[in-house]
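Notes to accompany the following structure.
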Amino acid sequence: MKIGYILNTYPAPSHSFIRREIRALERRGIAVQRFAMRPFDGDLPDPQDREEQAATDYVLARGLPALIRGIFLAGLQNPLGIYKALFLALKVSRGSEAGLFKHLIYFLEAAYVAVQVGAQRIDRLHAHFGTNAATVAMLVSEITGKPFSFTVHGPEEFDKPAALALKTKLEKADFTVAISSYGRSQLCRLVDYRIWPRIKVVHCGIEPQHYESARPLPVTRPITLVNIGRFVEQKGQLILVEAMAEVARRGVDVKLVLVGDGPLRRPMERAIAQSGLGHRIEITGWLDEAGVRRELENAHALVLPSFAEGLPMVVMEAMVSARPCIATWVAGTPELMQDGRTGWLVPAGDPMALAEAITELATCPEDKLKRMATTARARVLMRHNIDTEAAKLAALFTQRPRTQPV
């Protein structure tokens, strides 16, 4: 079997979970052809991401003549399919924030991919995220008749389902994957109950062979926390700076390492300086997987103050590294963490609650922290092995495609 994976920007430092899934499928003997609309606009510090970049067909890089040629070639192969795809692109553009012009671009992209589907004997299509990648996959399916599916991560898809035509995609897909039970529940809200059985849960996962052992919690002080992620509003790092200022006012000695980058970096740097926290908070920028693992090993715990999440990979990676976590009680995070057993869950957007959890962690008895760390690691190894999750996805790929609408 050969699967065409359709992605928007790939690979990217924050999308290592897609790379892990693809490679786990390939270990199971499923061939995967990667199609991405564009490459990541920045450095790729991880060598595995650079390998993925070399294996990816970048659609927009082919140029407008190649995309237009794709319409004619796909039209010759399936005239009815090309008209169905164009009609569908026009239909879903209504009410979309992307507008008509971008949907015509998606149609061009789909035509190019459709030609490759035929030339490379690709059996079916799968997209990650319910945004433009899923739109392109849906249009390729209309052109070629090949089944398509897609994975919804959230929270973006749940914020604007109508603008993304998510209901239409759920209805047309052979199946849809949610990465948590919470995510599945949000998708079930959008469609008729008869479609619910086609919405499956397949978790993102970690590669256990990279975590065969975990380093003990550091014995050095001060307590060190690490946060990993893009510096954007929904990740809540500015709230974390507020919480750190409150912790400092209480006289609790805690250091914070921020791993990542993004549009809020300068506002965060200003907030750190204004709070007098320059000696307590360090920003590293993006790191490769080895660098992230090193920062986790040097830390006593992970802190994730997000306002919205899907199923946060950084919490998964911290837990398998035997590190307790402080995270917000949002979306799929409580399915991953257990409050009081693997860390602390706090309300989102509340710097005082976050400061209280940090204070509790900093003053927590060492034996309790060790129990949390051990429990966290065991939970992730049991529930989030990428090879186990990829086997679930492979089983869905190999099932007989749905031929009749519900």
For this session: Determine, yes or no, whether Thr359 is buried (at least 24 other Cβ atoms within 10 Å of the Cβ), in contact (Cβ under 8 Å) with a residue 24 or more places away in the chain and of a type in the set (Val, Ile, Thr).
Result: no
Exercise. From the set of residues in the range 290-302 that are over 22 Å from the mean Cα position of the chain (by Cα) and in a helix (DSSP H, G or I), which is surrounded by the fewest Cβ atoms within 10 Å (Cβ to Cβ)?
Worked result: Asn298
Problem set entry | Positions within the range 348-370 being over 19 Å from Ser306 (Cα atoms) and among the β-branched types (Val, Ile, Thr), in sequence order | Thr363
Exercise. Quick check: is even one residue across the range 230-251 touching a Lys or Arg at 6+ places or on another chain (Cβ under 8 Å), outside the structural domain of Thr131 (by TED's automatic domain parsing) and of a type in the set (Gly, Ala, Ser)?
Worked result: yes
Problem set entry | Positions within the range 302-339 being in contact (Cβ under 8 Å) with a residue 60 or more places away in the chain and of a type in the set (S, T, N, Q), in sequence order | Ser306, Ser321, Thr328
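Conditions (1) surrounded by fewer than 24 Cβ atoms within 10 Å (Cβ to Cβ); (2) closer than 24 Å to Pro47 by Cβ; (3) aliphatic (A, V, I, L, M), marked per residue:
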site: Thr220; (1), (2), (3): yes, no, no
site: Leu277; (1), (2), (3): yes, no, yes
site: Asp288; (1), (2), (3): yes, yes, no
site: Glu309; (1), (2), (3): no, no, no
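So that you can scan it fast, the table gives a plain yes or no per residue for (1) out of contact with any His (no Cβ under 7 Å at 6 or more places or on another chain); (2) in a loop (DSSP other than H, G, I, E, B):
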| position | (1), (2) |
| --- | --- |
| Pro218 | no, yes |
| Asn227 | yes, no |
| Ala245 | yes, no |
| Leu258 | yes, no |
| Met268 | yes, no |
| Ala273 | yes, no |
| His279 | yes, yes |
Problem set entry | Qualifying residue in the range 349-372 (condition: under 30 Å from Arg124 (Cβ atoms), of a type in the set (D, E, K, R) and out of contact with any strand residue (DSSP E or B) (no Cβ under 7 Å at 6 or more places or on another chain)) | no
Problem set entry | Pairs where the first residue, in the range 212-227, is more than 20 Å from Glu282 (Cβ to Cβ) and the second is at pLDDT 90 or above and among the polar types (S, T, N, Q), C-beta under 6 Å, 6+ apart | Ala214/Ser321
Exercise. Tell me, which residue of the range 229-243 that is part of a loop (DSSP other than H, G, I, E, B) and in contact with a helix residue (DSSP H, G or I) (Cβ under 9 Å, 6 or more places away or on another chain) is nearest to Pro347 (Cα to Cα)?
Worked result: Gly236
For this session: Search the range 51-73 for residues being touching a Lys or Arg at 6+ places or on another chain (Cβ under 7 Å) and in a helix (DSSP H, G or I), and hand back the single one that is farthest from Asn132 (Cα to Cα).
Result: Glu52
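The values are calculated or read from the model by the stated rules, or taken from the named source; none is laboratory data. Quick caveat, the model's predicted, so the values are computed rather than measured. Don't worry about glycine lacking a Cβ; one is built from the backbone with ideal geometry, like all the others, and counts go over all protein chains shown.
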